[in-house]
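A.B. asks: Before we start, here is the structure in question, set down as structure tokens.
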Amino acid sequence: MSSLVALPILIPLVAAALMLVVRNLFAQRAISFAALLSSLATATAVLVDVWNTGDIAVSRLGGWPGSFAITLVSDGLSSVLVVVALVVTATVLLFAVGQQTPDEHSPYYHPVYMALVAGISQAFLAGDLFNLFVAFEVLLMASYVLLTLEGNREQIRSGTTYVVLNIIESVVLVMAVGLIFAATGTVSFAELPERIAALPDGVRMGLHLLLLIAFGIKAAVFPLFSWLPDSYPTAPSSASAVFAGLLTKVGVYCLIRVQTLLFPGELSNLVMVVGVSTMAIGVLGAISQHDMKRILSFHIISQIGYMVFGLGIGGAVAIAATIFYLIHHIPVKTSLFLVEGIIERNTGSSSLDDVSGLARKSPLLAVLFLIPAMSLAGFPPLSGFLAKFALVRGGLSAEQYIGVGVAIVVSLLTLVSMVKIWVGAFWGEVAPSSLNNSGGVLRQHRSMASATAILVGFTLVIAVAAGPLYEFATRASDQLLDIERYISAVRSAS
Amino acid sequence: MSIWAFALIAVLFAVGSYLLMERSLTRVALGVGVIGNGVNVLIIASGSDAGEAPIIGREGVLADPLPQALVLTAIVIGFALLTFLMTLAWRNWTITGNDEVEDDVEDRMITRRAEQTEKLGDVPHPEDVQT
Amino acid sequence: MIKSKILEELIDRWLTKVGTLVAIFITFRGHNAPGGGFAGGLILGAVFVLQYLAGQQPTIRRKPILNPERLLGFGLLLALVTTAAPLFVGGAPLESYIWSITLPQIGKVKIVSSTFFDFGVFFVVVAVVLLVLTFLGTRGGAISHEPTDGVG
Amino acid sequence: MVFFAAVVAHFAVAVLALIGLRRRPVIAACAGLVVLAGTALVVATQAIGATSAPRKTIEWLPLLGFNFTFQVDGFAVVMALLVSLLGFGVLAFSIAYFEHDATFTRFVGLFMAFAGSMTGLVLAEDLFTMFIFWELTSVWSFLLIGLHDKSEVARRSAVRALLTTGAGGLCMLVGIGLLQNQFDTTSFAQLRDLAPTGTMASVAASLLLLGAFTKSAQFPFHFWLPGAMAAPTPVSAYLHSATMVKAGIVLLARTAPIFGDTGVWRWWVVLAGVITMLIGGWRALRETDAKLVLAHSTVSQLGLLTVLFGIGSPYATYAGVAHLVAHAIFKAGLFLGVGVIDHELGTRDVSKIGAARRAVPVSVVAIGACLLSMAGIIPLFGFATKEKALVALLDAEFGLVGSIALWGIVAGSVLSVAYSVRLLHALVRTPNDSASHDQHHAHHEASVLMRSTLAAPVVVAAVVSLGFGFAASTVGSWLVSPSSALDVKAVSKLALWPGINDALLISFVVIAIGAVIGWKAPLESKLAQQPRGERVFDVVYDSTIAGAKRITAVIQPGSLPIYVGITLLLVSIAPISAAFVDGFGSLSGLTSGTALEASVSIIAIVMAIGVAVLQSRFTGAMFLGGVGYAIAALFALRGAPDLAVTQLLVETLTIVVFLLALRAMTRITTRPVSRFPQITRMFIAATVGIAIPLLALAARDARTAPSASQDYFARSVDEAGGRNVVNVILVDFRGFDTMGEIVVLAIAALGVANLVRAAEQHRRAAISVKEVAGS
């Protein structure tokens, strides 16, 4: 299995390189899909293996023994996230192809998108701090290009905010990596835990904080989130859907690694406070907005807060809940952005002032919105409910009553803003602006609709298969907490 | 770490940070360049002692090659970022005629709206309900 | 831009040729002495910059370089194929192989598979420089500020 | 399991109606009727002759204790029968009611989904299972209230209802979490055996009560229910009088045996129930819209049920079950009856509905019977059940709480007699203007079949109310099994004529006073204002949004420099806090360095300051290049020739990039004004500048372990075939980093190309626009 671990990174990159040579649009589309589906197949194979054996799959790049060279490590958490990421990116690609504007607009859309996918996979798989930084750069650079794909005024303005803040994030990250190397002499995940534990308290805390800030910017936690709601809403909807669903989660994933592997259990109160304030501030932002994309963008922040809260609680139960939350949230958020994309495509606007009466016009679209929206608000029996309840239980058993209280209020406010979108966009008289094409909304955009439907279906599958999935999350969380196992897996793998 | 390296890092970070808080994108890009150099010096100065070039066969104490390799990667990535950022500044100029970062329109709107309380309006009595 | 005929001739005749040779040399020797694909690519890139500043299209031996996007793809592919090839023979990605070949007259030459990787890097760097020169330089230079920004 | 299959069948029909049969809602409705009748049949046959209550668990998420557990005990049977039989009647009624309404498709789908959820809810034997269906009913109710979504009132009422019940649901969720945490179970039976006590149990019980109160519209959450009357009549009749609002009552009934004796419980339920009864009754007496009269009367009756089920004495529980059945029957009949009148006359104004006597005489008689049952007049079923309630409370010994409950109910009963009589009065009186009748009649030229379909359920409800009244003792014996399922001691009986006792005397007094008030009550009196509860809700809602905006305005100013400043300040905090923990950074690790190093560093420092101080962008770029070259020299001095070469070349290219970009940007002369005060920026910059190298020094000094480069030195020549270790690391040991790096470089170049292309495209577009405008 270990030979397959690297493929979800390599296949998209090869595809990207190929597409610079082959510039035919149809060929590009075919290559993209082939690359994503084959990556998905290999990633699934790794996942199944990790699931069945409970082992950690390690790929050693260059075939070097020990842990001095670069390794790719696929434990429970990584392997499942790679699979989810590939499912989401593949469906969003379907959406983008259906939407046609992005890839017809720019010949670079497909190669850059593939690089983004590779960067995301690499970030999840990296077993080395510096390699993680490089993975971040790959995905960030790709995201800069995608965010400014059309290069219009709005995108340039918001893209600038995004680029500058993320460059600062890169600077902080590479600085943190350099200083960690200075203090420990290594950047390998397998060597770092022991050496970090031996550092003096102050240095350890300083380095820890730097990493938290770097990944906190990426994950968009309070008070480092401001770039997100200013930049995502202007991106092409196919790009913002992936960003919304995946990129911030890469940040959360890294925070999980930091809190479990590198600095286990340290500064957890700080993390918890950050998590609680993030969810509160995020949702307050969301209910203030009048634009669907902005409401949804603020919700990303709020939901990140839940995950960070769970991470701050710590312990096997809460971290399992966090992992489950992470998995559930990726397709939910992405599908909401896709629905929004369809709406915008049809009405030319994402403002609640301009759009209304969609439920009458397209009942199916209404269903496609309602399911993920209610999941986000935590309504049973959808996946969001399970995730939220798992976190609430974790918080209660850790006696974090204030955090739980905030989580509950935030949940209600989430419902408020989802209802706001529903009432504003889906109910009411059919707005004149949405009358410009009289046929069915979805019939005209079959592949956009089916991409959205696939993701909504995926969220339903997560809910139905919650039993085994949660079991897997629990095992992944046990794996995360068992640092020795990680170290020996990397050191001894052949 | 020598006192000079220390001072250099301090100045590069201070100047870089100062420039990053500018509104002119070109100045921000200069800030990125300066702070990027600061990070590179930081990694080399704190990651290894000065020594001979790490080429096997050379005499004397060899410098640690790993920080050098890391910085090499960082330099190139920094160049990539700067190039893109400057193109962004240029594109901004072609649109607006300058290289300033504008404030977010929607955020300003929320700020304005926050000043006047937005009411749901008078809710009619449910008597005029139509079934 | 530099308009002198002599300078143009100088760049054309000498700098390009010498630069190209130096770049390749630097790339090759990288494994054992300072240098490598990066430095090599950057040196050739610098040559193109000079050509550009002299108001010429970047060329080697007076022929325009092939489409820089293709060159970029080619460089990436080379590096990637070197990375992925060992997987097909049961190795790990990026695993390097050393072949010793005895060439007539020259003697024993050690070829390390990672040299191909370095060449991939070389091409990518060259292509990037060319892309920046073509787009930000030539094509971007032709565009001025749009006063009618209603379209944007 | 057959019950589970029945629940699933509801949802299947719902999906069918919403997707498959969108053009033929009547067929979907017929399928729904079949499912509802089938469910009723299945429940009834299972219940007859059953000695034990069949129980079934379906595992879902066992690790968190999330499983579906159903148990078909007596109480569940009664509730399930109510849900499916009333559902049958209402759905049949709605086929005629929605005859010309395009929303019928949606109605049928949502209605069936609701009926399925409600059936699941009443069969649940586990808090968690109940909660799932509970929340589902909230969603369907929201969508049904907003069925006519073009009406603003409908939309707002739907939102109020959803948010109120949603808030309660969330409280309930925390309560469930607390219980599960402490007792590791959410099963009603197991919790009853564990008999939880203590603070945690009280908190959990209170949270569950909040859930029940919001759902069953108890004070102070009673306001949403009248608003929900924005829904079409069948929805109001089914969800908001007979079934969904009973969910809270079901929860009370199931949990009262568990928490009845925890101190707070009884006070909570009695106070909330009594206050709700009185408020609802009072408003019912004043409303002019017949449907709203019924809505408020429902609120009031729910208060009565809350007290009966919540107080936790066996007789009260029995009385509660009996009254629940009675109420469901007469209230559904009343709502549908008002629906018939509305359909016929086009009005529900109590001062005008007298005209219905001539238009739909049969229905009016049936409505009258239902009203009498609501008023508790012998010989209707309502009399027997209310009588039982009084007896139960007279017998109960709960001290002060018990007395409050008793006298509260007496007062409430006066009001309920009064509003029933008021409606009766409205029906028998000749209205002032009968013109509206003819006008509307033309619009509703319904066929005889449709008319009788409309009237039939109302008549059935009236007949059942009457029949159950005469057969009170038989019906009473049927109710033993349901109530003893809740509380084994709750065995009692009903009678049409209980004999002269205290309760009967009280009843007579109540009826006499109530009848006088009701008959005298003005029909035209109009309540000027919006109900207070609704206003409170709106104020809370509006001020939440306004507050959120104010906070967001502060936190999200939309200005990039401010975001950068905040981030940088935080970055500097990391080293500073480290210094606080370890004592302030010691500078002892600093060496003096060589003269060459010093001079190169000073050049770099001066150049860097130049970048900041000099205003020209062009000069700035040049100075940046200078910094880079000086640092290249520094690298060369420190034994990093590869780095030096690369830095030199990259720095050159960087200058070129700056030149290319700046060459185009010719006309920028203004110096942009930052929104940041200069001094703040300098402060932040200085903090970062001092803090970072201090941390670097501390990190450097903390190193004890050897560098990973040992391995690189050891393997470089023999295994990787290279002597330049830096290069070997780059292409071999850490070749994957290089791989990523060239990808970054490549993507950046593509990004540049893309932006230039975009600029070209926009320019072309602008030119063509101009040409079009010019020609």
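Read the figures in this text as sums done on the coordinates, not as results from a lab. Since this is a predicted model, take the numbers as computed values, not measurements. Cβ: placed from backbone, ideal geometry, glycine included. Neighbour counts: every protein chain shown.
A.B. asks: With angles folded into 0 to 90 degrees, how steeply does helix D:104-123 sit against the dominant principal axis of chain D? Use alpha carbons for both and round to 10.
C.D. replies: With rounding to tens, the tilt is 80 degrees.
A.B. asks: How big is D, in µm² s⁻¹, for region C:5-140 by Stokes-Einstein at 37 °C and 0.692 mPa s if Rh is the Kirkwood radius over C-alpha pairs?
C.D. replies: Numbers: Rh = 16.2 Å.
Roughly 202 µm²/s, to the nearest whole number.
A.B. asks: Now, a different point. Hey, with R₀ at 25 Å, roughly what FRET efficiency would C:Leu15 and C:Thr138 work out to, going by the Cβ-Cβ distance, to 0.05? Could you put the intermediate results ahead of the total?
C.D. replies: Numbers: r = 20 Å, r/R0 = 0.79.
So, using R0 = 25 Å, E works out to roughly 0.80.
A.B. asks: Here's a follow-up. Viscosity 1.306 mPa s, temperature 10 °C: give me the Stokes-Einstein translational D for region A:2-492 in µm²/s, with Rh taken as the Kirkwood radius over C-alpha pairs.
C.D. replies: Values: Rh = 22.3 Å.
Calculated translational D: 71 µm²/s.
A.B. asks: Using DSSP to define loop residues, name the trypsin sites (Lys or Arg not before Pro) in region D:487-525 whose beta-carbon has at most 15 other beta-carbon atoms within 10 Å.
C.D. replies: Details: sites: D:Lys489, D:Lys493, D:Lys520; in loops: D:Lys489, D:Lys493.
Here the sparse-neighbourhood loop sites are D:Lys489.
A.B. asks: Give the angle, between 0 and 90 degrees and rounded to the nearest 10, that separates the Cα long axis of helix D:502-520 from the longest principal axis of the Cα atoms of chain D.
C.D. replies: 80 degrees
A.B. asks: Quick check: convex hull over the Cα atoms of region D:84-226, volume per residue in Å³, rounded to an integer? Write out the running numbers ahead of the final one.
C.D. replies: Working: hull volume 15.3 nm³, N = 143.
For region D:84-226, the hull spanned by Cα atoms encloses 107 Å³ per residue.
A.B. asks: Shape call for region D:267-369 from the C-alpha gyration tensor, a ≥ b ≥ c root eigenvalues: rounded (a/c under 1.5), prolate (a/b greater than b/c) or oblate?
C.D. replies: Values: a/c = 4.14, a/b = 1.97, b/c = 2.10.
It is oblate, given that a/c is not under 1.5 and a/b is not larger than b/c.
A.B. asks: Let me ask another. Quick one: grab the alpha carbon gyration tensor of region B:1-98, order the square roots of its eigenvalues as a ≥ b ≥ c, and give me rounded if a/c is under 1.5, else prolate or oblate depending on whether a/b is larger than b/c. Provide the component values of the computation, followed by the final result.
C.D. replies: Values: a/c = 5.25, a/b = 2.10, b/c = 2.50.
Judged from the Cα gyration tensor, region B:1-98 comes out oblate (a/c at least 1.5, b/c at or above a/b).
A.B. asks: Give me A:His328, D:His100, D:His343, D:His10 sorted ascending by neighbouring Cβ count inside 10 Å, so fewest comes first. Don't skip to the answer; put the middle values down first.
C.D. replies: On the way: A:His328 29, D:His100 9, D:His343 23, D:His10 26.
Neighbour counts put them in this order, fewest first: D:His100, D:His343, D:His10, A:His328.
A.B. asks: Normalised radius of gyration for region D:157-255, please: alpha carbon Rg relative to 2.2 N^0.38 Å, two decimal places. Please report the intermediate quantities before stating the final value.
C.D. replies: On the way: Rg = 14.8 Å, N = 99, 2.2 N^0.38 = 12.6 Å.
It is 1.18.
A.B. asks: Let me ask something additional. Could you please state, rounded to a whole Å, how far the C-alpha centre of region D:542-567 is from the C-alpha centre of region A:19-94?
C.D. replies: Cα centroid to Cα centroid, the span is 39 Å.
A.B. asks: Nearest 0.05, what FRET efficiency do D:Ala705 and D:Thr57 give at R0 = 45 Å with Cβ-Cβ as r?
C.D. replies: Computed FRET efficiency for D:Ala705 and D:Thr57 comes out at 0.25.
A.B. asks: Collect residues whose amide H, placed 1.01 Å from N in the peptide plane, falls under 5 Å from the amide H of D:Asp126; neighbours closer than 5 in sequence don't count.
C.D. replies: D:Phe188
A.B. asks: Follow-up. How compact is the protein assembly as shown by the rule of thumb for globular proteins, expressed as Cα Rg over 2.2 N^0.38 Å? Write out the running numbers ahead of the final one.
C.D. replies: Working: Rg = 37.1 Å, N = 1552, 2.2 N^0.38 = 35.9 Å.
Ratio of Rg to 2.2 N^0.38 Å for the protein assembly as shown: 1.03.
A.B. asks: Output wanted: per-residue J couplings in Hz (rounded whole) for region A:322-327, from phi through Karplus 6.51 cos²θ - 1.76 cosθ + 1.60, θ = phi - 60°, x for Gly and Pro.
C.D. replies: 4, 4, 4, 4, 4, 5
A.B. asks: Then there is this: Straight-line reach from D:Lys770: which lysines fall under 22 Å, measuring Cα to Cα and dropping same-chain residues less than 8 apart?
C.D. replies: none
A.B. asks: On to the next question. Assign one of three labels to chain D, namely rounded, prolate or oblate, based on the Cα gyration tensor with a ≥ b ≥ c the square roots of its eigenvalues; rounded applies when a/c is under 1.5, prolate when it is not and a/b is larger than b/c, and oblate otherwise. Write down the numbers at each step before the final one.
C.D. replies: Details: a/c = 2.79, a/b = 2.21, b/c = 1.26.
Cα axes put chain D in the prolate bin.
A.B. asks: Among DSSP bridges having both ends in the protein assembly as shown, what percentage is antiparallel? Round to the nearest 5. It would help to have the intermediate numbers written out before the result.
C.D. replies: Working: 26 of 28 bridges.
In the protein assembly as shown, approximately 95 percent of DSSP beta bridges are antiparallel ones.
A.B. asks: Now for a different question. Pairs of alpha-carbon atoms within less than 8 angstrom and 6+ residues apart define the contacts here; what relative contact order does chain D have, in percent? It would help to have the intermediate numbers written out before the result.
C.D. replies: Details: 1083 pairs, mean separation 76.3, N = 775.
So the answer I get is 10 percent.
A.B. asks: Most exposed first by the Cβ proxy, i.e. fewest other Cβ within 10 Å, how do D:Asp582, D:Asp342 rank? Don't jump to the answer; show the numbers that get you there.
C.D. replies: Details: D:Asp582 18, D:Asp342 23.
So the ranking, lowest neighbour count to highest, is D:Asp582, D:Asp342.
A.B. asks: Taking the Cα centre of region D:262-525 as origin, sum charge times position over the Cβ atoms of Lys and Arg (+1) and Asp and Glu (-1), and report the length of that vector in debye to the nearest 20. Don't skip to the answer; put the middle values down first.
C.D. replies: Numbers: 17 positive and 14 negative charges, 22 e Å.
The dipole magnitude comes to about 100 debye.
A.B. asks: What is the dipole size for region A:2-492, taken about its Cα centre, with +1 at each Lys and Arg Cβ and -1 at each Asp and Glu Cβ, in debye to the nearest 20? Show your work: numbers first, answer last.
C.D. replies: Numbers: 24 positive and 26 negative charges, 141 e Å.
In debye, rounded to 20, region A:2-492 gives about 680.
A.B. asks: Next question, about the same structure. Can you work out D for region D:709-775 in µm² s⁻¹ from Stokes-Einstein, where Rh is the Kirkwood radius over C-alpha pairs, the temperature is 10 °C and the viscosity is 1.306 mPa s?
C.D. replies: Estimated diffusion coefficient is 102 µm²/s.
A.B. asks: Applying 1/(1 + (r/R0)^6) with R0 = 56 Å to the Cβ-Cβ distance of D:Val410 and D:Glu99, what FRET efficiency is obtained, to the nearest 0.05? Numbers along the way, then the final one.
C.D. replies: Values: r = 45 Å, r/R0 = 0.79.
My answer for the efficiency is 0.80.
A.B. asks: Measure nothing fancy, just the Cα-based angle from helix A:25-53's long axis to the longest principal axis of chain A, in degrees from 0 to 90, nearest 10.
C.D. replies: For helix A:25-53, the angle is close to 50 degrees.
A.B. asks: Another one. Tell me, how many Å apart are the Cα centres for region B:82-97 and for region D:65-144?
C.D. replies: 59 Å
A.B. asks: Relative to the present Cα-Cα distance, how much length would full extension add between D:Leu449 and D:Ile767 at 0.36 nm per residue of separation? The partial results should precede the final answer.
C.D. replies: Values: separation 318, 0.36 × 318 = 114.48 nm, distance 6.95 nm.
Length gained between D:Leu449 and D:Ile767: 107.5 nm.
A.B. asks: Further question: Between region D:351-379 and region D:149-211, how far is it from one alpha carbon centroid to the other, in angstrom?
C.D. replies: Measuring centre to centre over Cα atoms gives 38 Å.
A.B. asks: So which lysines pass the test for D:Lys493, namely a Cα distance under 19 Å, with those fewer than 8 places away in the same chain ruled out?
C.D. replies: D:Lys386, D:Lys388
A.B. asks: Can you return the aspartates and glutamates within cross-link range of A:Lys388? Criterion is Cα-Cα under 17 Å, with same-chain partners fewer than 8 residues away left out.
C.D. replies: The reachable aspartates and glutamates, counting only those whose Cα sits under 17 Å from A:Lys388, are A:Glu399, A:Glu471, D:Glu135.
A.B. asks: Among B:Glu102, C:Glu69, what is the fewest-to-most ranking by other Cβ atoms within 10 Å? Provide the component values of the computation, followed by the final result.
C.D. replies: Details: B:Glu102 19, C:Glu69 23.
Ascending number of Cβ neighbours within 10 Å: B:Glu102, C:Glu69.
A.B. asks: If you don't mind, another one. Sequence-distant or interchain residues sharing an amide H contact under 5 Å with A:Phe222, placed H: which?
C.D. replies: The answer is A:Thr278.
A.B. asks: Report, by chain and number, residues whose modeled amide H sits under 5 Å from the one on D:Phe219, excluding near sequence neighbours (fewer than 5 apart, same chain).
C.D. replies: Answer set, sorted by chain and number: D:Thr276.
A.B. asks: What's the magnitude of the charge dipole for the protein assembly as shown around its Cα centre, counting Lys and Arg as +1 and Asp and Glu as -1 at the beta-carbon? Answer in Debye, nearest 20. Don't skip to the end; give the middle numbers.
C.D. replies: Working: 96 positive and 93 negative charges, 458 e Å.
Charge dipole, the protein assembly as shown, about its Cα centre: 2200 debye, nearest 20.
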